[in-house]
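The values are calculated or read from the model by the stated rules, or taken from the named source; none is laboratory data. Keep in mind it's a predicted model, so treat the numbers as computed, not measured. In this analysis, Cβ positions are derived from the backbone assuming ideal geometry, glycine residues included, and neighbour counts consider all displayed protein chains. Side chains are part of the model used for accessible areas, which takes the heavy atoms of the whole protein and leaves out ligands, DNA and RNA. Shrake-Rupley method; radii C 1.70, N 1.55, O 1.52, S 1.80 Å.
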Amino acid sequence: MIYLTQQKQVLSAIFEKAERPLTPPEICEQARKDLPALGIATVYRAIKQFLEEGQIRAVEIPGVPPHYESAARHHHHFFLCQSCKRLFDLVGCVRGVKSLAPEGFLVKQHEIVLYGECSACAAGAQSLK
């Protein structure tokens, strides 16, 4: 029997509605709109359980803390803002990725991450000039 607490219901809804992968502090910040007393430890416990249940998956990019997203999301790639460290989803997939492998090699999966500044950080940098 799975017992779904109010906290887990709120956290689950955040993953379902999220338009990009989120860090635990971002998840906690969003959840506190509905649950002001929610602690970060509860968020980490829920993440652990959701991972074990296959409800969410970790998105691990070297150099930044793990982000998490719904496991129901389709195959996609990411843009990492090097200023604010937020991850954003890219639309679609690069065509011809398999053709980039050396002859005779078999590509089974791939990951693509673009690096730069998100629109908010880029606008902030422009306003300082």
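Overall shape: oblate for segment 52-96, with the ratio a/c of the largest to smallest alpha carbon gyration tensor axis at 1.5 or above and b/c at least equal to a/b.
Computed from point charges on the beta carbon alone (+1 for Lys and Arg, -1 for Asp and Glu), the dipole magnitude for the chain about its Cα centre is near 100 Debye. For the chain, the longest principal axis of the Cα atoms and the long axis of helix 6-17 meet at an angle of about 20 degrees. Dipole magnitude for segment 13-78: about 60 debye, using +1 per Lys or Arg Cβ and -1 per Asp or Glu Cβ, origin at the Cα centre. Taking the charge dipole of segment 14-129 about its Cα centre, with +1 at Lys and Arg Cβ atoms and -1 at Asp and Glu Cβ atoms, the residue from CYS121, LEU100, GLY54 reaching farthest to the positive side is CYS121.
Label-to-label distance, LYS98 versus GLU19, with points set 7 angstrom from Cα along the beta-carbon direction: 3.3 nm. Of the peptides 97-104, 72-79, the order by per-residue mean of other Cβ atoms within 10 Å, starting with the highest, comes out as 72-79, 97-104. Apolar share of the accessible surface for segment 1-87: 53 percent from carbon plus sulfur atoms, 1.4 Å probe.
With a 1.4 Å probe and all protein chains left in place, how much accessible area per residue does segment 47-109 have, in Å²?
Details: 4300 Å² over 63 residues.
On a per-residue basis, segment 47-109 sits at 68 Å².
Relative to the Cα centre, what is the charge dipole magnitude of segment 42-118, using +1 at the beta carbon of each Lys and Arg, -1 at the beta carbon of each Asp and Glu, and rounding to the nearest 20 debye? Walk me through the numbers on the way to the answer.
Values: 9 positive and 8 negative charges, 13 e Å.
Its charge dipole is roughly 60 debye.
From the Cα gyration tensor of the chain, with a ≥ b ≥ c the square roots of its eigenvalues, which class applies: rounded if a/c is under 1.5, or else prolate if a/b is larger than b/c, or else oblate? Oblate, because a/c is 1.5 or more while a/b does not exceed b/c.
Short-range pairs are left out: with C-alpha atoms under 8 Å and at least six residues apart, the relative contact order of segment 21-93 is 28 percent. GLU117 contributes an accessible area of around 90 Å² to the protein surface, as traced by a 1.4 Å probe with all chains present.
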